[in-house]
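The values are calculated or read from the model by the stated rules, or taken from the named source; none is laboratory data. These numbers were taken from a predicted model, which means no experiment stands behind them. Because the Cβ atoms are built from the backbone with ideal geometry, glycine has one as well, and the counts that use them run over all protein chains shown.
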Amino acid sequence: MPTASILRAAGAFVHSLFRSRLSMQVETLALRHQLAVYQRTAARPKLRPADRILWAWLSRAWSGWREALVIVKPETVIAWRRRKFRQHWARLCRSGLPGRPAIAREVRNLIRRVSVANPLWGAPRIVGELAKIGIHLPRSTVAKYMIRHRRPHERVAA
């Protein structure tokens, strides 16, 4: 219906009188980008990774991005952002080895020597002593490398 499109255009014009200049410039950027995508593709618009990055950025930085988006659905842009977020964290998690980092052999030997030399000390005490010389380890790690002392059997008096 031609009158509906004329009324919509008139409403958009009146609305633009009260908007900020930055908001209008961002909308112009978004619309020009969509036109560029349509011009470079013949039948169906093919979006490149740079196009997806632009729309993901616009969706974060501009509150009116949904109204200006014509080329794809807003849900698609949100799906792109979520997928990139998942890929980012997957890449970070894959880069290192699982579990705690290995403790140096010298530190393990030091824990063993201290536990042998001081059989009454437990892991918390050894952690404190190591912290005094600048070696910060969790209690569970120190307990793992300590030498276990056998307690003497109580003798039964006859």
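Key figures for this structure:
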item: Among the residues listed as W57, W89, W80, the single one being farther than 30 Å from E27 by Cβ, out of contact with any Ser or Thr (no Cβ under 8 Å at 6 or more places or on another chain) and in the same structural domain as V26 (by TED's automatic domain parsing); result: W89
item: Residues of the stretch 29-49 satisfying the condition of being in a helix (DSSP H, G or I), among the basic types (K, R) and within 33 Å of the chain's Cα centre (by Cα); result: R32
item: Residue within the stretch 40-47 that is in contact (Cβ under 8 Å) with a residue 24 or more places away in the chain, surrounded by 10 or more Cβ atoms within 10 Å (Cβ to Cβ) and hydrophobic (A, V, I, L, M, F, W, C) present; result: yes
item: Test: residue in the stretch 4-12 that is of a type in the set (G, A, S), more than 18 Å from K73 (Cα to Cα) and modelled with pLDDT of 80 or more; result: no
item: Qualifying position, being surrounded by 10 or more Cβ atoms within 10 Å (Cβ to Cβ) and among the basic types (K, R), among R139, R94; result: R139
item: Flag if L7 is part of a helix (DSSP H, G or I), free of Cβ contacts under 8 Å to residues at least 60 places away in the same chain and touching a helix residue (DSSP H, G or I) at 6+ places or on another chain (Cβ under 6 Å); result: no
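Yes or no, residue by residue, for (1) under 25 Å from the mean Cα position of the chain (by Cα); (2) at pLDDT 90 or above:
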site	(1), (2)
A68	no, no
A79	yes, yes
W89	yes, no
L92	yes, no
G96	yes, no
R100	yes, no
E106	no, yes
N109	no, yes
R112	no, yes
